[in-house]
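Enquirer: Sharing a structure, written as structure tokens. Questions coming.
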Amino acid sequence: VFIQKPLKGIIGGFCFMDNAEKSRRIFNTRSQKYDDLKWVFNDQFREIIVNLVNPRSTDIMLDLGTGSGAIADFFYSRVLKVVAVDISEAMLEKARALLSDANNVEFILSDGELTGLPDEHFDHIVCRNALHHFTDPVNGLKEIRRMLKPDGFFTLIEPVPPNLIAKPLWSSLFMIRDKGRYPEFYYTPEELIDFVKSDFELIASDSNQIEIPMSNWSNIDSLTDSEIDKIHELLKNSSDDERDALGIYSQNEHWQMTHSWSLLKLKKLK
């Protein structure tokens, strides 16, 4: 059992880096509706992730940015142990409730950039929809590299605009929705590979697309009415080419979106 490293700020009495504290507050708020998002426990997404990660029964896995525990839930019965880390107390409460019958999952409240976990300890680290919320994603990658065994694997799963045509509209939408997001983290699949290549070697990759009502995508309890109105204005004022590139269309006056993810299975460079 690891000794939990206390979070700085309100929890530990020290001063949080602004973005980390902002993420903690945002995800405490978002936790109530997080599992309503159509992608979180999507069966197709689960299958793609499990097939790409392909763990061994003897693996010790880190679920970094576990949120409500979906990744830990996908893998606890397939590996020896899962350590589930998140910065949000409310998210960890949901994860604990989900996995209350799992006796091989340990939950740790921590900033993902400063986990205090041992060097070269994990056979596999999975980070889904979390790295872009780190105060400094580059530091996050260095922390992941530190914790990963020399022959271990890191699977990074990030929402992406599918191509450069889609990127401006996609970035504008997520800039409103994802408060606390690292300002420059709006990468296409190719740019995401380029972002990690100084620390990691690409072993395999995959992608996933899920059609999601925009009302579901934006129903996260941390958006004001004004911000939702801005999203609708962006959609109305975008070009046909931009909307087509993102798979956005109006159906009976309701916006639909094809949400895309890039999945990278990586090994750290020697």
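The values are calculated or read from the model by the stated rules, or taken from the named source; none is laboratory data. None of the values given here were measured: they were computed from a predicted structure. Every residue, glycine among them, receives a Cβ derived from its backbone with ideal geometry; neighbour counts consider all protein chains shown.
Enquirer: Search segment 147-173 for residues being without any contact (Cβ under 8 Å) to a residue 40 or more places away in the chain and in contact with a Ser or Thr (Cβ under 9 Å, 6 or more places away or on another chain), and hand back the single one that is nearest to Ser68 (Cα to Cα). Break it down into steps so the answer makes sense when it comes.
Expert: Kept after step one, since they are without any contact (Cβ under 8 Å) to a residue 40 or more places away in the chain, are these residues of segment 147-173: 149, 164, 167, 171.
Within this subset, residues satisfying the condition of being in contact with a Ser or Thr (Cβ under 9 Å, 6 or more places away or on another chain) are 164, 167.
Values: Leu164: 31, Lys167: 28 Å.
That would be Lys167.
Enquirer: Okay, next question. Could you look through segment 146-165, keep only residues that are out of contact with any helix residue (DSSP H, G or I) (no Cβ under 7 Å at 6 or more places or on another chain) and surrounded by fewer than 18 Cβ atoms within 10 Å (Cβ to Cβ), and pick out the one that is farthest from Val126 (Cα to Cα)?
Expert: Residue satisfying both the conditions and the ranking: Leu164.
Enquirer: Look through segment 236-251, keep the residues that are in contact (Cβ under 8 Å) with a residue 24 or more places away in the chain and surrounded by 13 or more Cβ atoms within 10 Å (Cβ to Cβ), and return whichever of them is nearest to Ser215 (Cα to Cα).
Expert: The first filter runs over segment 236-251 and keeps only residues in contact (Cβ under 8 Å) with a residue 24 or more places away in the chain, leaving 238, 241-243, 245-248.
When the remaining residues are screened for being surrounded by 13 or more Cβ atoms within 10 Å (Cβ to Cβ), the result is 238, 242-243, 245-248.
Values: Ser238: 18, Glu242: 19, Arg243: 16, Ala245: 19, Leu246: 16, Gly247: 15, Ile248: 12 Å.
Ranking the candidates gives Ile248 first.
Enquirer: Could you tell me whether segment 175-185 includes any residue that is of a type in the set (Gly, Ala, Ser) and surrounded by fewer than 13 Cβ atoms within 10 Å (Cβ to Cβ)? Before you say what the answer is, go through the steps one by one.
Expert: Kept after step one, since they are of a type in the set (Gly, Ala, Ser), are these residues of segment 175-185: 180.
Checking the rest, the ones that are also surrounded by fewer than 13 Cβ atoms within 10 Å (Cβ to Cβ) come to none.
Within segment 175-185, none of the residues are of a type in the set (Gly, Ala, Ser) and surrounded by fewer than 13 Cβ atoms within 10 Å (Cβ to Cβ).
Enquirer: Being within 20 Å of Asn28 (Cβ to Cβ) and not hydrophobic (A, V, I, L, M, F, W, C) is the filter here; which residues of segment 63-92 pass it?
Expert: Of all residues in segment 63-92, those within 20 Å of Asn28 (Cβ to Cβ) come to 63-72, 84-92.
Within segment 63-92, Asp63, Gly65, Thr66, Gly67, Ser68, Gly69, Asp86, Ser88, Glu89 qualify.
Enquirer: For segment 133-142, give me each residue that is surrounded by fewer than 20 Cβ atoms within 10 Å (Cβ to Cβ) and of a type outside the set (Lys, Arg). If you could, list the steps in order and put the result at the bottom.
Expert: Going through segment 133-142, the residues surrounded by fewer than 20 Cβ atoms within 10 Å (Cβ to Cβ) turn out to be 136, 138-139, 142.
The answer is Asp136, Val138, Asn139.
Enquirer: Let me ask something else. Out of the residues in segment 115-129 that are part of a loop (DSSP other than H, G, I, E, B) and not small (Gly, Ala, Ser), state the one that is nearest to Thr66 (Cα to Cα). Outline the logic, then answer.
Expert: Residues of segment 115-129 that are part of a loop (DSSP other than H, G, I, E, B), as a first pass: 115-121, 129.
Those still in the list that are not small (Gly, Ala, Ser) too: 115, 117-121, 129.
Numbers: Thr115: 13, Leu117: 15, Pro118: 18, Asp119: 20, Glu120: 20, His121: 18, Asn129: 9 Å.
Only one residue tops the list, namely Asn129.
Enquirer: Taking Arg128, is it under 19 Å from Leu264 (Cβ atoms), among the charged types (D, E, K, R), under 19 Å from the mean Cα position of the chain (by Cα) and at pLDDT 95 or above?
Expert: Values: under 19 Å from Leu264 (Cβ atoms): yes; among the charged types (D, E, K, R): yes; under 19 Å from the mean Cα position of the chain (by Cα): yes; at pLDDT 95 or above: yes.
Against the criterion (under 19 Å from Leu264 (Cβ atoms), among the charged types (D, E, K, R), under 19 Å from the mean Cα position of the chain (by Cα) and at pLDDT 95 or above), Arg128 qualifies.
Yes/no matrix, rows are residues, columns are (1) in contact with a Lys or Arg (Cβ under 7 Å, 6 or more places away or on another chain); (2) closer than 24 Å to Glu158 by Cβ; (3) of a type outside the set (A, V, I, L, M, F, W, C):
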site	(1), (2), (3)
Leu235	no, yes, no
Asp244	no, yes, yes
Lys265	no, yes, yes
Lys270	no, no, yes
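Enquirer: Can you name the condition, by its number, that Glu242 falls short on among (1) touching a Leu at 6+ places or on another chain (Cβ under 7 Å); (2) under 23 Å from Asp136 (Cβ atoms); (3) among the charged types (D, E, K, R)?
Expert: (2)
Enquirer: Considering Ser222, Ser215, Ser260, Ser207, which residue is of a type in the set (Ser, Thr, Tyr), closer than 30 Å to Asp151 by Cα and out of contact with any Leu (no Cβ under 7 Å at 6 or more places or on another chain)?
Expert: Matching residue, one of Ser222, Ser215, Ser260, Ser207: Ser260.
Enquirer: A further question follows. Please go through segment 165-201 and pick out each residue that is within 15 Å of the chain's Cα centre (by Cα) and among the charged types (D, E, K, R).
Expert: Across segment 165-201, the qualifying residues are Arg177, Asp178, Lys179, Arg181.
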